[in-house]
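Novice: Just passing along the structure, written as structure tokens.
The values are calculated or read from the model by the stated rules, or taken from the named source; none is laboratory data. All figures in this text were calculated on a predicted structure; none of them were measured in a lab. Backbone-built Cβ (ideal geometry, glycine too); neighbour counts: all protein chains shown. Accessible surface areas use protein heavy atoms only, side chains included; no ligands, DNA or RNA. Shrake-Rupley method; radii C 1.70, N 1.55, O 1.52, S 1.80 Å.
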Amino acid sequence: MFLSRLLIAIVLGGTALSSVSAERRITAVLENIDEDCQAALSEPGKRAAIDLDRFRDGYRYLSAGETVRCKGRGFLTVYVPSNPKDKRELKVGREGYTAPTDSENVSRAVRAQQEQLERQTSAALQARSSPAGTRAAVGRVLDPTPDSVVWPKHFVIRWRRFAAPVRLSLSIHRDDSPQLAWQADDVDGQAGQLDSAEARAALLNCRRSTCRNLSLHWQSVNSSYDIPFVLLSETDEETLERELQNWAQLTDPVLAHIGRAYSLQLRKLYAEAAQEYQQALKQAPQSCQLLHDARNVTDNTSDLDLLTEIDGAIEKAHCPAQ
Amino acid sequence: MASKRQKHKPKPKSTSQPAASAHGRRRPLALRIFLDFVLGLSLTVALVAAKEYAQDEHWTAALYAEDMARQWLQLRLSTNSRHELPVVVDISNFAPTPLQPYTSRSALKKLLQEIIASPSGAPRAIGLDVNFSSTPDRPFFVPTEDPGFFDFCLSARRQVPLLFAGVSTSVALGPDRCLGASRYAALAAYIDHPNTPGFGASHEMDEYVEVPHVSNEGAVEHWRFRSLAAAVTQHPIVAERPGIFRRMFGWMIAEHESFEEPIPQSKETIEHTSFVVDFSRIDEIRSSSVAAGADGSLPSPAPDFSHRLVLVGRVASADESDLFPVPGHTEHYPGVLLHAAAAYTLDKNNLLVLTEKGRRTLDFIFWLAVFGIVAAFKWKPRAGPHEPGHEHGHDLEVRLAWVMVLVIIGFGLIFVNALRIFWDDFILVALATLLHPHLSHWIERAGSSLYTLFRPAHS
């Protein structure tokens, strides 16, 4: 008898603890509180009610099971999104209103439905408007990545395309000399990249004169900043090329990409490594290992769009967190 | 007068002319006025229908006319406000850099602490115009720092209950996840600004956005998020009781407009409730902004924040993605200034828009005024379309129409300045007023000529 009571107590205690620690789901919003309402809120399982402030608690989110009521003569308005459209805004007086409860068990099909609608809604919002707030300034330049290594032979400057016509001024500065290593003015911002043989030649010249640390100066209409980078040394280049040739001999193309990405990542050539993972993912798009590895590499680049895309793929594939 | 009429007398061109003149005199006056009534009504209906069709179809000319009217109204907005301006705190000194691609949370925290502990007193509300969206705007949400920062914000709400953090497209994830966890949902305020198709700039901003979301049971819910401006002003909770004007004409005017935007490849829609923003004081807001130091400290002496609205965001170093055109101004402004102008508008400086009924009524009233003038001229028996003196009468009608145009422009000014009603149809109404006498004259002449050609032989 004692044992069974103890077991029940443990089970109930465990349930109560889990319900406290778990995030409770929001199912309604307390919109407005009338002047004469004197609103109060009761949490599920608690008898004592909390007095609500008319202004401070406006638009308070209500978790499942929470009850709001007016102690006075006035009314409060509760917004219940799961109700039919004409019944979403409810006027509540002394009778009170309890936010609807629901189960936490989300089926796979519902989760897929949720994700699809979230993506569509997010895309529709992005198409209509732009965030009018502080955002990352680095997002525009994709390659070179700050503090990464640049391979002079394959140097291409890439940035997020501008929607409107914008002219850019790009220059490369040596850390050991005030002289410009290379400069290009009046670059078309809508092109998204600049593949300049002159820039590559300048970097190779620079490397021959033993310079290693440089920075790309980005100047657009309203922003200007420097992206520091390091040149891949001639010795590293030789080793890297040898390694890449060895990886190419693998018969499994996915493994070849993974190997190449490994060698590139080892030398901080993040943008190139991220591209290798993209090639690999084309052949095994649902591989959680590949997705997580791709994410780790891409996290070192400035390509936020690609990072978001990979995150979406990880969620879609229901990959366990690493 | 008689001599003047003689001067304009045209020479008879054919034998049918006297008959036509005789008909002009014989045509009942009531019939002429009725015809004018029908003409005026048709003209107004046609112009309004054409305007609405053109706007729905995004015709360039319609967009241009609408934009021109709005720009002009924004320029003419009175700067006599009843309330003081919001304070903008510029965080350019700790803005994101290529090496740290997000706004420093520690500096933000220090800044908030200083604002709240300001010697002059705590502000009424604080809005952070920083994008804290969880996904898909990574890395604006900083998983290692944001939960701690949001917990601080929740505790800071004991001193400033109206403290909000910006979210963008992550509203699509619903309140449970838009800031990473449901306990932070109350902090979320929407910071997106509508893009501007066509000409000029968007004169409206969202007050609310209602997004669909699939519940855990598979049902579609619609979650409503407030904009940063609506959140810091607690609009409409502290709205004033409507005055006598609003009680009488409330059905004609509205504070905001709602519309449903379809989501591509989905049956669902996003509902936007937008309002017209008063941008007339945006330059003053910018010039009075305060720059925080690199560590988030405020300049000394600390500005007066007591009971004011405070908006925190980048001003001096805002980049291309955070600069927007503003109606009535040529340069582009940082997003935080747009939110500040929007908060200023909602803080008892609302601009009102005409409802569908209100617009129709106003169109009808002005058409009646135009028609009344024309009818007054017609009531006094005067020459028919081909008779001497008719041209002189027409000139007078045209002059009066020009006077009416000036009156309409005056009304546009009174509406926006004194009543704060944003009436952007005034160009169209002015155009209808100008067209009316010309069309009336042309139709009358054409009708008479046709009658002359096809009249029965015995008349």
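Novice: Inside region B:248-278, can you point out the residues that are away from every other protein chain (no Cβ under 14 Å), in contact (Cβ under 8 Å) with a residue 60 or more places away in the chain and either aliphatic (A, V, I, L, M) or within 18 Å of B:His203 (Cβ to Cβ) (or both)?
Specialist: If the condition is that a residue be away from every other protein chain (no Cβ under 14 Å), in contact (Cβ under 8 Å) with a residue 60 or more places away in the chain and either aliphatic (A, V, I, L, M) or within 18 Å of B:His203 (Cβ to Cβ) (or both), then B:Met252, B:Ile253, B:Ala254, B:Glu255, B:His256, B:Glu257, B:Phe275, B:Val276, B:Asp278 are the ones that fit.
Novice: Among (1) over 30 Å from B:Val214 (Cα atoms); (2) outside any helix (DSSP H, G or I), there is one condition B:His272 misses while meeting the rest; what is its number?
Specialist: So B:His272 meets the others, but not (1).
Novice: Let me ask something else. Among the candidates A:Arg73, A:Arg88, A:Arg54, A:Arg94, which residue alone is farther than 19 Å from B:Glu217 by Cα, among the charged types (D, E, K, R) and within 11 Å of chain B (Cβ to nearest Cβ)? Talk me through it step by step, then tell me what you get.
Specialist: On the way: A:Arg73 fails: within 11 Å of chain B (Cβ to nearest Cβ); A:Arg88 fails: farther than 19 Å from B:Glu217 by Cα; A:Arg94 fails: within 11 Å of chain B (Cβ to nearest Cβ).
Within the list A:Arg73, A:Arg88, A:Arg54, A:Arg94, the selection yields A:Arg54.
Novice: Name the strands (runs of 3 or more DSSP E) wholly within region A:140-189 that hold at least 2 residues that are under 13 Å from A:Asp226 (Cα atoms)?
Specialist: Working: elements: A:141-143, A:148-150, A:157-159, A:167-174, A:180-188.
Passing ranges, in order: A:141-143, A:167-174.
Rundown of residues vs (1) buried (at least 16 other Cβ atoms within 10 Å of the Cβ); (2) modelled with pLDDT of 90 or more, yes/no style:
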residue: A:Pro152; (1), (2): yes, yes
residue: A:Asp175; (1), (2): no, no
residue: A:Asp186; (1), (2): no, no
residue: A:Glu198; (1), (2): no, yes
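Novice: Follow-up. Of all residues in region A:115-128, how many are out of contact with any helix residue (DSSP H, G or I) (no Cβ under 9 Å at 6 or more places or on another chain) and at the interface with another protein chain (Cβ under 7 Å from one of its Cβ atoms)? Steps first, please.
Specialist: To start, the set of residues in region A:115-128 that are out of contact with any helix residue (DSSP H, G or I) (no Cβ under 9 Å at 6 or more places or on another chain) comprises A:116, A:127-128.
Then keep just the ones that are at the interface with another protein chain (Cβ under 7 Å from one of its Cβ atoms); that gives A:128.
Final tally of qualifying residues: 1.
Novice: I would also like to ask the following. Pick from B:Arg246, B:Arg281: which is open to solvent by 20 Å² or more (accessible area, probe 1.4 Å) and either at pLDDT below 80 or of a type in the set (A, V, I, L, M, F, W, C) (or both)?
Specialist: Values: B:Arg281 fails: either at pLDDT below 80 or of a type in the set (A, V, I, L, M, F, W, C) (or both).
Among B:Arg246, B:Arg281, only B:Arg246 is open to solvent by 20 Å² or more (accessible area, probe 1.4 Å) and either at pLDDT below 80 or of a type in the set (A, V, I, L, M, F, W, C) (or both).
Novice: Moving to a separate point now. Between A:Gly72, A:Gly58, which is out of contact with any Phe, Trp or Tyr (no Cβ under 7 Å at 6 or more places or on another chain) and more than 21 Å from B:Ala185 (Cβ to Cβ)? Steps first, answer last, please.
Specialist: Numbers: A:Gly58 fails: more than 21 Å from B:Ala185 (Cβ to Cβ).
Being out of contact with any Phe, Trp or Tyr (no Cβ under 7 Å at 6 or more places or on another chain) and more than 21 Å from B:Ala185 (Cβ to Cβ) holds for just one of A:Gly72, A:Gly58, which is A:Gly72.
Novice: Output the residues belonging to region A:76-85 that are facing chain B (nearest Cβ under 8 Å) and either open to solvent by less than 20 Å² (accessible area, probe 1.4 Å) or part of a loop (DSSP other than H, G, I, E, B) (or both).
Specialist: From region A:76-85, those facing chain B (nearest Cβ under 8 Å) are A:79, A:81-82, A:85; that's our starting set.
A:Tyr79, A:Pro81, A:Ser82 - these are the residues of region A:76-85 that are facing chain B (nearest Cβ under 8 Å) and either open to solvent by less than 20 Å² (accessible area, probe 1.4 Å) or part of a loop (DSSP other than H, G, I, E, B) (or both).
Novice: Would it be correct to say that B:Glu331 is open to solvent by 10 Å² or more (accessible area, probe 1.4 Å), more than 19 Å from B:Gly127 (Cα to Cα), acidic (Asp, Glu) and facing another protein chain (nearest Cβ under 10 Å)?
Specialist: Numbers: open to solvent by 10 Å² or more (accessible area, probe 1.4 Å): yes; more than 19 Å from B:Gly127 (Cα to Cα): yes; acidic (Asp, Glu): yes; facing another protein chain (nearest Cβ under 10 Å): no.
The answer is no for B:Glu331.
Novice: Given (1) open to solvent by less than 20 Å² (accessible area, probe 1.4 Å); (2) facing another protein chain (nearest Cβ under 8 Å), where does A:Asp147 come up short, assuming only one miss?
Specialist: Here A:Asp147 meets the rest and fails (1).
Novice: Continuing with the same structure: Considering each residue of region A:219-261, count those that are more than 14 Å from every other protein chain (Cβ to nearest Cβ), touching a Gly at 6+ places or on another chain (Cβ under 8 Å) and either modelled with pLDDT under 85 or within 30 Å of A:Ala164 (Cα to Cα) (or both), and give that number.
Specialist: Here the count works out to 1.
Novice: Yes or no: B:Ala172 of a type outside the set (Phe, Trp, Tyr) and either without any contact (Cβ under 8 Å) to a residue 12 or more places away in the chain or assigned to a helix (DSSP H, G or I) (or both)? Reasoning before the result, please.
Specialist: Details: of a type outside the set (Phe, Trp, Tyr): yes; either without any contact (Cβ under 8 Å) to a residue 12 or more places away in the chain or assigned to a helix (DSSP H, G or I) (or both): yes.
Answer is yes for this residue.
Novice: A:Ala40 fails exactly one of the following numbered conditions: (1) assigned to a loop (DSSP other than H, G, I, E, B); (2) open to solvent by less than 80 Å² (accessible area, probe 1.4 Å); (3) more than 14 Å from every other protein chain (Cβ to nearest Cβ); (4) not acidic (Asp, Glu). What is the number of that condition?
Specialist: All conditions are met except number (1).
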